[in-house]
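Worksheet: one structure, shown below.
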Amino acid sequence: MNERLHVGFVGNPNCGKTTLFNAYTGAKLKVANWPGVTVEKKEGAMKYHDHTFKLVDLPGIYSLTSYTMEEKLTREYLLEDDVDVIIDVADASALERNLYLTLSAIELEKPVVLALNMMDIVEERGMEIDLHRLPEMLGIPVIPVSARKKTGLDILIHAVAHHKTEGFDQKPFHYSKEIENKINELIEVLTKKVPGLEPKRWYAIKLLENDEEIVRQYGEYVHGHIDRNYENDIVRQKYNYIEEIMKEVLVNKEKKEASTDKIDHYMTHPIWGVPIFLGIMAFVFFLTFTIGDFLKGYLEMGVDIFSHGIFELLQYLRVGHVMTSLIVDGIIAGVGGILSFLPNIFILFLALAFLEDSGYMSRVAYVMDGIMGKLGLSGRAFIPMLLGFGCSVPAVMASRVLEDERDRKRTILITPFMSCSAKLPVYVTFSSLFFGKYAMLCAYSMYVIGLLLGILVAFVHSKIVSHGEDNPLLIELPDYKMPNANTISIYVGEKVKDYLSKAGTTIFIASIVVWIILNFGSHGMVEDMADSFGATFGRFLVPILAPAGLGLWQIGVMLISGLAAKEVVISSFFVLFGISSLTAPGVAESTVSMMEGMGFGALNAYALMVFTLLYTPCLATVATIKRETNSWRWTIGMLIFQLVIAWICAVLVFQVGSFFIG
């Protein structure tokens with residue numbers, strides 16, 4: 001008989017839950033070392049003997065109380081969906097903290113299996129966990145696993161199937177006599193007034209805790225039966241029991257100091273923490289720029305050879321001039337120009353994945369918490385800001401970790417100021433062309449400017465629009481570990497896949513559109529781009545962009561095209577100026593000479609980089625902002641604000657720079 005089992009994965013952030021889920025399903029999901037990344041449930045499937053499993057990876061949470069969106073989403077899913085078994089993934093090296101969620105999950109009255117992950121760290125610290133006494137005290141199966149090394153997986157899934165079909169002596173934690181009497185009293189009331197409500201004990205406990213959502217739904221039925229808020233008593237009694245468990249099951253807890261604590265003495269230092277972070281990011285950018293540029297040159301050569309080969313083939317086949325120009329000058333020049341930056345993108349995400357999986361990135365949010373708080377922004381806001389260095393879409397979605405609506409919108413407002421990977425080709429191209437040996441420093445400054453301006457805007461916004469009650473940053477600082485090759489390959493592979501997918505869709509279409517508007521005018525196909533529709537659009541923007549040193553119609557077209565995706569700024573640049581490869585002998589020099597002859601020099605290039613950094617984000621980000629805020633008015637207002645900020649900053653850069661240089 002083929003039985004289908006529905007299994008929900010729960011656990012604290014950074015416990016290795018998503019890595020374990022990936023090991024079972026092969027799903028290529030985002031794995032990171034800070035909370036807020038898995039903000040939606042992910043589903044997968046697998047077969048084991050006579051069972052078919054539907055596996056669901058739920059957001060990382062600390063409890064089943066609806067303080068955050070993740071906790072609310074997870075508990076609603078566990079309560080409303082037909083989940084047969086709950087796999088509670090716990091970090092064995094931080095068992096005391098993880099067990100609070102375990103006790104809460106058992107109260108849902110569904111079969112729970114505890115997966116003890118990261119046992120290797122426990123062994124490294126010279127500690128031992130009594131795997132016989134722990135399941136006795138909890139009343140549930142406890143299975144040691146290693147999500148990274150993929151050990152213990154068969155035993156765990158066997159325990160899940162066995163626990164569902166044959167059961168286990170699973171009993172909920174019992175509180176003091178006073179609280180148990182109150183729980184029983186509320187269960188009797190709920191049985192009479194809401195007979196179909198299950199699990200009644202869990203709802204009774206939440207009513208005693210004065211859980212806002214549960215009280216709103218069922219508080220009227222128990223009015224007069226609850227004399228006070230029992231939340232502190234319930235939490236304290238659970239932790240007292242957890243302390244008893246730890247005394248009985250954990251051996252040699254203080255045998256030696258973890259290396260993590262020694263490293264954190266420097267990495268989370270109140271003074272040196274921020275400079276260390278900036279230094280690490282500078283090193284990441286150094287690798288991205290030097291190694292990436294070295295490899296980029298070879299890729300550009302390949303694109304150039306391919307372009308010439310296609311041109312010769314089209315000539316041999318006697319394809320018409322219009323179609324040949326579209327394919328060679330439009331599609332290959334546009335898409336090929338973007339593909340040549342793949343090494344830079346690869347190096348950037350490889351470095352970021354290394355920092356994430358090693359456990360460092362969460363330290364940055366911790367270090368920045370004090371600074372962010374003084375500037376009127378929750379320390380949690382730095383989590384989506386960090387994600388913004390990769391892509392603005394998941395960064396905006398990660399703002400869900402913020403409880404206050406005004407804090408969420410403030411974070412969404414500034415997140416696009418972070419330098420996402422799509423802006424990297426713009427930085428690399430123009431800094432390499434105009435700043436020579438200072439190119440890397442020039443490009444890195446964009447990351448710093450975006451970060452500082454985002455914090456400044458948040459500070460000003462907090463003075464204009466007051467924010468809610470300050471919530472301290474509660475974030476897991478996972479142990480430092482050697483990054484897992486499989487985790488990194490999944491992360492980097494997905495990012496490269498996304499980049500290539502964008503090159504084959506958005507940038508492909510944008511390249512065709514740009515070619516059309518640059519090669520056709522009111523009288524049909526034109527010989528000179530200056531007579532095209534694109535030139536007409538660009539000239540309309542010239543008076544507006546001129547104070548920022550961007551008074552060329554070609555620049556206007558580039559910036560308009562960048563609304564689709566920021567990479568298109570560079571693909572348009574290649575098409576507009578007829579560039580196939582900047583690494584070809586003499587091409588870079590001739591391009592700079594041509595642009596300088598048009599009045600576009602190094603200062604103009606820097607102003608363009610600043611404008612690209614700050615102006616309206618891509619369409620995918622705009623759609624995400626609308627979905628997260630559920631307001632077109634707020635979204636449009638935000639886009640106008642960012643456009644104005646970009647123009648002001650670019651004007652300041654060019655005008656102040658001209659004053660000193662001129």
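Odds and ends about this structure:
- Evaluation of residue 261 against (1) modelled with pLDDT under 80; (2) open to solvent by less than 70 Å² (accessible area, probe 1.4 Å); (3) more than 26 Å from the chain's Cα centre (by Cα); (4) not aromatic (Phe, Trp, Tyr) (one fails), failing number: (2)
- Pair list, Cβ under 6 Å, 6 or more apart: segment 215-235 residue in a loop (DSSP other than H, G, I, E, B), other residue at pLDDT below 90: 229/210
- Residue list for segment 112-135, filter: in a loop (DSSP other than H, G, I, E, B) and either open to solvent by 50 Å² or more (accessible area, probe 1.4 Å) or not charged (D, E, K, R) (or both): 118, 126, 127, 130, 131, 132
- Wholly enclosed helices (runs of 4 or more DSSP H) of segment 530-596 bearing at least 3 residues open to solvent by 10 Å² or more (accessible area, probe 1.4 Å) and of a type outside the set (A, V, I, L, M): 533-545, 553-561
- Here the helices (runs of 4 or more DSSP H) wholly within segment 355-453 that include at least 3 residues being over 19 Å from residue 14 (Cβ atoms) and touching a helix residue (DSSP H, G or I) at 6+ places or on another chain (Cβ under 8 Å) are 361-374, 392-397, 405-414, 424-435.
- Matching option when the condition is over 26 Å from the mean Cα position of the chain (by Cα) and not in a helix (DSSP H, G or I), among 328, 303, 319: 319
- Odd one out for residue 16, checked against (1) on the phi < 0 side of the Ramachandran plot; (2) at pLDDT 80 or above: (1)
- Any hit, segment 164-176, residues being in contact with a strand residue (DSSP E or B) (Cβ under 7 Å, 6 or more places away or on another chain) and within 23 Å of residue 6 (Cβ to Cβ): yes
- Count of residues meeting criterion [under 17 Å from residue 188 (Cβ atoms) and touching a residue at least 24 places away in the same chain (Cβ under 8 Å)] in segment 203-213: 3
- Residue that is modelled with the highest pLDDT [pool: residues in segment 264-277 that are surrounded by 14 or more Cβ atoms within 10 Å (Cβ to Cβ) and assigned to a helix (DSSP H, G or I)]: 276
- Single match in 160, 189 (criterion: without any contact (Cβ under 8 Å) to a residue 60 or more places away in the chain and either outside any helix (DSSP H, G or I) or of a type outside the set (D, E, K, R) (or both)): 189
- Within the set 43, 96, 109, the sole residue that is modelled with pLDDT of 80 or more, within 23 Å of the chain's Cα centre (by Cα), of a type in the set (Asp, Glu) and open to solvent by 30 Å² or more (accessible area, probe 1.4 Å) turns out to be 43.
- Tally of residues being over 21 Å from residue 349 (Cα atoms) and among the hydrophobic types (A, V, I, L, M, F, W, C) across segment 400-429: 5
- Selection status of residue 485, buried (at least 20 other Cβ atoms within 10 Å of the Cβ), modelled with pLDDT under 80 and among the hydrophobic types (A, V, I, L, M, F, W, C): no
- Among the residues here, residue 104 qualifies as at pLDDT 85 or above and over 30 Å from residue 391 (Cβ atoms).
- Residues in segment 537-551 that are modelled with pLDDT of 90 or more and either within 16 Å of residue 517 (Cα to Cα) or under 35 Å from the mean Cα position of the chain (by Cα) (or both): 8 in all.
- So residue 68, is it at pLDDT below 80 and buried (at least 22 other Cβ atoms within 10 Å of the Cβ): yes
- Tally, over segment 509-523, of residues that are farther than 17 Å from residue 572 by Cβ and either open to solvent by less than 30 Å² (accessible area, probe 1.4 Å) or in contact (Cβ under 8 Å) with a residue 60 or more places away in the chain (or both): 1
The values are calculated or read from the model by the stated rules, or taken from the named source; none is laboratory data. Values in this document were obtained by computation on a predicted structure and should not be read as measured data. Glycine also receives a Cβ, built like all others from the backbone with ideal geometry; neighbour counts cover every protein chain displayed. Note: accessible area is taken over every heavy atom of the protein model, side chains too, but ligands, DNA and RNA are not part of it. Shrake-Rupley method; radii C 1.70, N 1.55, O 1.52, S 1.80 Å.
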